[in-house]
Amino acid sequence: MKAIAVKIFESFLLILAVIVFNFVLIYLAPGDVVDALSGGAFGDGREEINQLIREQMGLDQPFHVQLITYIGNVLTGDFGFSPIGNRPVIEMIAPRIFPTLLLALCALAFAVIIGVTIGSIAARRPTSFFSGGLTVFALIGFAMPVFWTGILLVLVFGVWLDWLPVSGMNNLRLSSSAGFVERALDTARHLVLPTISLGVIFLASYARLSRASMLEVLQSDYIRTARAKGLSEGPVMIKHALRNAVIPIITVLGMEFGVLLSGAILVETVFNWPGLGRLAFEAVLTRDTNVLLAILTMVSATVILANLVTDIAYRLVDPRIRIGDV
Amino acid sequence: MGIGSTQPLLSIRNLTVRFGTFTALDNLSFNLDSGKTTAVVGESGSGKSVTALSVMGLVTLGTRAEIDAGEILFERKDGSTIDLLQCTEREMRSIRGNEISMIFQEPLTSLNPVYTTGDQVMESIQLHQGLTRRSAKDKALEMFEMVRIPRAEKVLTDYPHQLSGGMRQRVMIAMALSCDPKLLIADEPTTALDVTIQAQMLGLMKELQDQTGASVMLITHDMGVVAEVADDIVVMRRSKVVETGNVYDIFEKPEANYTRALLASIPRLGSMTGKSEPELFDLVLEANER
Amino acid sequence: MATAHPPSSALEATSAERYQGLRMFMANKAALFGAVLMAIILFVSYILPAIFTDDKFAYAGKRHLAPFSENGPFFGTDYLGRGVGLIVMHGGSTTLEVAGFAALLIVTVGAVVGALAGFYGGIVDRALMKVTEFFQVLPGLLFALVVVALFGASTITIVLAIGIISWPPVARQTRSEFLRQKNLEYVKAARSIGASNARIILRTILPNTLPVLIVQATLTMGAAILFEAGLAFLGLGDPESLSWGYYVGLNRQYFLVNWWGVTFPGFMVFITVLSLSLIGDGIQDAINPKLRGR
């Protein structure tokens, strides 16, 4: 319990550090900060916007006062104003969070479930052709650029075969009277290709990792004990082997959550998925720096939280760690 | 062995097991009598553990082992006799842990680290006796008390890493005996334990055997252990049976040279007086000559 | 494979070792395939552009979006009438150089941080590892987007952005290598003859860490290529040099009529990263055969 409290505190400090780091980045950016922040706004409204930003950030104040104001603002959900969207940044970001999380978690579930299944099957026949092919598969999965995988999937399944939708999260022609179930099914169809593009990067490496860890577990004495008890292979694999074999995978999950969300930016861009990544891409095009910074903060915080969650999950799965330290 | 008119509990006949080109068991035959402790002795690699795993039907699981020939006749709880090698996997599972159970050499790694000891013992009880979780728990507690685990109630909810090696082995024994098996196979059950714990454990096993009437197949390389608990002995060497017999007969007048060498390997207090290092015994000399 | 006589000098011993390593590398079919692939990529990226010296931006008079089979050796044209093959071969050097410099930066920073943390331990270690953890939680691509957006899209900012965010795994690896070697006999021996810390780090431990760093550099370069490609795909690349990823991004809108404009450069990224992974794994196996197949 104490260990978890320490972890939570550390996570909070990390989030603070990210915010400070962001501020320093803006501070160091060349040219007028106001120019950097209002970036894409031209014409009549510009001076007005610049004035607004100056007041908001209190640019006449010394560095540390500005910093503290900035931290306070961010912690209360105030990420400033977007001259492009002509709205507070938080209003632009809020509706984008759910689609990104949905995509990321689906991709993660896809990669973990299929990867662990493939890896476990391969571990039961470690010398088979299938098992050897896994390494090649892992190398290929790693080497394919995400956006390229996405475009290939669009070409093959969306255009040539015309099986699945390739753009957005819902069919625009879906009648507004459509019920929740119909809407959810439509979203699910739109999710398939983005999920695969994003999941494939991890799928192969999880399969390889779980194969190695399953191989080790299957040779352990407690698996022999479970078999000697008279358990059939199903419970031996699922109850006794799997729970031990997923421990190393959980560790990797947390560490790779950042990579997952980075990949989501590319996948969302390819599939016009209305998430944070797509917003980040648009913000790059329009030089909407405030939005970019806010997304960076939000996503970093998400990664830190994901790390915290995996850390706790790790303790739940492995009693040696949970009860081991006082 | 097989003395008297009663049918043996377990009868291994002409069993041959190969790992690729290596013959792990070569035309092995011996009987195990009901209610007795039979020690299977021999050096490591002589095929003792392969014998045990063959009886359990676990030797071909996840290994390259193949059973070439032979039969293993076993008298079940209901009085019928079956050949374990001809059993379906399903039948075998109803025998494993229920009619024949096994405890292993390494108590430290033989329990699953992510489940409590209680869960692991109850799993066996629920599987074979069809009890509810609640009564399985009562039974597990009863077993823990039987193997003299102190504060049994608490140990039920402990994870294996919280217990000492001796306690973990007691849990293993409790698990093995929980379904009242006719045969308990103990593969070097005391080797990994401290000497003092070893003695306790042997005493406990002997006592439990008297209580439950189970037969024990004790696999060991330690003739000292054999002298203490065994009724019968099967001496194995290089995948073959060298000699079988009653423990008194064999200790009294061993017939095979190898058995004599094994017996000579028991260290005796004072046997090293005046010597700077232990003597090599015949076995090693013979092995070197080959 | 025992040699007939023991090596008579340290030089002979190390060259024998290297020879052995080279043999193992060559015997590893996958690694050899990776090396051949890399040779082809280098040929396409550096020799071919010297042969086809046509101006890559010259689009006058050519048909727009000509199909794959037209435009001779350049496999069709893009939406501006530029030869797709021509741009792809010119894009190679950009991609490889950005990734190469980034990998160099990543390995250097990672090695320095890891060496200091592993060697000195204690508070230095803890502080440096906290910094490492901080950079590890920042989502890499997003961070690079922000940096490039704030500081402008030049080759230097791109290299720096990739470098700043990608060094933590190298630092961890180097650290554990230093931790391991710190207590080995030859380090103790160096200490006992009064070698300074700097000398032990640079002359005793670092040379023994080099193989690990070479593997890391190879694998890191693959990751940096993917990173650069992702950034460039989103439009944050140098428009003058048209790296592979940037070109995929440009052609994306036209992919329904011009599928080769996106698949070709993407395929180049794919085989480059694949070949670097194969080479990296091959070197790893040659250094440490025990880890093979893991």
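The values are calculated or read from the model by the stated rules, or taken from the named source; none is laboratory data. All values reported here derive from a predicted model rather than from experimental measurement. Positions of Cβ are backbone-derived with ideal geometry, glycine not excepted, and every protein chain shown enters the neighbour counts. To get the accessible areas, we keep the full protein, side chains included, count just its heavy atoms, and leave off ligands, DNA and RNA. Shrake-Rupley method; radii C 1.70, N 1.55, O 1.52, S 1.80 Å.
For a quick check: with amide H placed at 1.01 Å from N, whose amide H comes under 5 Å from C:Ser243's, ignoring anything fewer than 5 positions away on the same chain?
For C:Ser243, whose amide H was placed from the backbone, the distant partners under 5 Å are C:Asp238.
Before I look further, what does the protein assembly as shown give for accessible area per residue, probe 1.4 Å, in whole square angstrom?
Dividing the accessible area of the protein assembly as shown by its residue count gives 46 Å².
DSSP loop trypsin sites (Lys or Arg not before Pro) in segment B:9-92 with at most 10 other Cβ atoms within 10 Å of their Cβ, which ones?
B:Arg64
Just to check I understand the Karplus step: with θ = phi - 60° and J = 6.51 cos²θ - 1.76 cosθ + 1.60, what whole-Hz values come out for segment A:265-272, glycine and proline as x?
Along segment A:265-272, the couplings run 4, 5, 5, 4, 5, 5, 9, 6 Hz.
Mean separation of Cα pairs under 8 Å and 6+ residues apart, divided by the residue count of segment C:22-286: what relative contact order is that in percent?
It comes to 27 percent, rounded to a whole number.
May I ask for the distance between the Cα centers of segment B:112-130 and segment C:155-177, given as a whole number of Å?
Answer, in whole Å: 48.
Given a Förster radius of 25 Å and the C-beta distance between B:Ser29 and B:Glu207 as r, what FRET efficiency does 1/(1 + (r/R0)^6) yield to the nearest 0.05?
My answer for the efficiency is 0.20.
Counting pairs of alpha carbon atoms under 8 Å apart in space and at least six apart in sequence, what relative contact order in percent does chain A give?
Computed value for chain A: 27 percent relative contact order.
Quick one: which residues, 5 or more positions from B:Ala24 or on another chain, have an amide H under 5 Å from its amide H? H modelled 1.01 Å from N in the peptide plane, none for Pro or chain starts.
Correct list: B:Val17, B:Arg18, B:Phe19.
Report the Rg/Rh value for chain A, based on alpha-carbon coordinates and the Kirkwood definition of Rh.
Radius of gyration over Kirkwood radius for chain A works out to 1.05.
In whole Å and largest first, what semi-axes does the C-alpha gyration tensor of the protein assembly as shown yield when each eigenvalue is scaled by 5 and square-rooted?
64, 32, 29
What whole number of Å gives the distance from the Cα centroid of segment A:214-259 to the Cα centroid of segment C:213-266?
Centre-to-centre distance over Cα atoms comes out at 39 Å.
Taking H placed 1.01 Å from N in the peptide plane, check which residues at least 5 places from A:Phe81 or on another chain put their amide H under 5 Å from its amide H.
Here A:Val89 satisfy the definition.
With a 1.4 Å probe and all protein chains in place, put A:His240, B:His161 in order of accessible area, largest first.
Descending order: B:His161, A:His240.
Given a 1.4 angstrom probe, I'd like the percentage of the accessible area of segment C:22-286 that is carbon and sulfur, rounded to a whole number.
Here carbon and sulfur together make up 68 percent of the probe-accessible area.
Go ahead and estimate [θ] at 222 nm for chain A from helices alone: -39,500 (n - 2.57) per DSSP H run with n ≥ 4, summed, over the residue count, rounded to 500.
The helix contribution divided over chain A gives -24500 deg cm²/dmol.
Compute a Gaussian network model of chain A, connecting alpha carbons closer than 10 Å, and tell me which residue from A:Phe257, A:Phe23, A:Phe180 fluctuates the most.
A:Phe180
With a 1.4 Å probe and all protein chains kept in place, how much accessible area does A:Leu161 have, in Å² rounded to the nearest 10?
The accessible area comes out at roughly 80 Å².
Report, for the protein assembly as shown, the % of DSSP beta bridges that are antiparallel, rounded to 5.
60 percent
Calculate for chain B the 222 nm mean residue ellipticity that helices alone would give, adding -39,500 (n - 2.57) per DSSP H run of length 4 or more and normalising by residue count, nearest 500 deg cm²/dmol.
-10500 deg cm²/dmol
What residues from segment C:128-164 fall in the zone where the backbone N is under 17 Å from a label point 7 Å along the Cα-to-C-beta line of A:Val20?
C:128-138
What ³J(HN,Hα) values, in whole Hz, does the Karplus curve 6.51 cos²θ - 1.76 cosθ + 1.60 give for segment B:242-257 when θ = phi - 60°, with x put for Gly and Pro?
Ordered by residue, 3J(HN,Hα) equals 8, 7, 10, x, 5, 4, 5, 4, 5, 5, 5, 9, x, 8, 7, 4 Hz.
Once label points are set 7 Å from the Cα along Cα→Cβ at both B:Thr16 and A:Val252, what is their separation, rounded to one decimal in nm?
That separation, rounded to one decimal, is 4.5 nm.
How big a patch of accessible area, both sides summed and in Å² to the nearest 100, lies buried between A and B at a 1.4 Å probe?
Heavy-atom accessible area buried at this interface is about 2300 Å².
Spin-label point model (7 Å from Cα, Cβ direction): what's the C:Ala198 to C:Val257 distance in nm?
It works out to 6.5 nm between the two label points.
Kindly write out, for segment A:120-126 in residue order, the coupling ³J(HN,Hα) from the Karplus curve 6.51 cos²θ - 1.76 cosθ + 1.60 (θ = phi - 60°), rounded to whole Hz, with x marking Gly and Pro.
After applying 6.51 cos²θ - 1.76 cosθ + 1.60, I find 5, 5, 4, 5, 6, 10, x Hz.
Rolling a 1.4 angstrom probe over the protein chains, ignoring ligands and nucleic acids, what is the accessible area of B:His221 in square angstrom, nearest 10?
90 Å²
Among the lysines, which fall within straight-line cross-link reach of B:Lys206, defined as a Cα-Cα distance under 16 Å, with same-chain neighbours fewer than 8 residues apart omitted?
B:Lys36, B:Lys182
Tell me: how much accessible area in total is hidden between C and A, 1.4 Å probe, Å², nearest 100?
Answer for the C-A pair: about 4200 Å² buried.
Pick out which of A:Pro194, A:Pro95, A:Pro165 has the largest mean-square fluctuation in a Gaussian network model of chain A, springs linking Cα atoms closer than 10 Å.
A:Pro95
In whole percent, how big is the carbon plus sulfur part of the accessible area of segment A:92-192, probe 1.4 Å, protein atoms only?
Carbon with sulfur: 74 percent of the solvent-accessible area.
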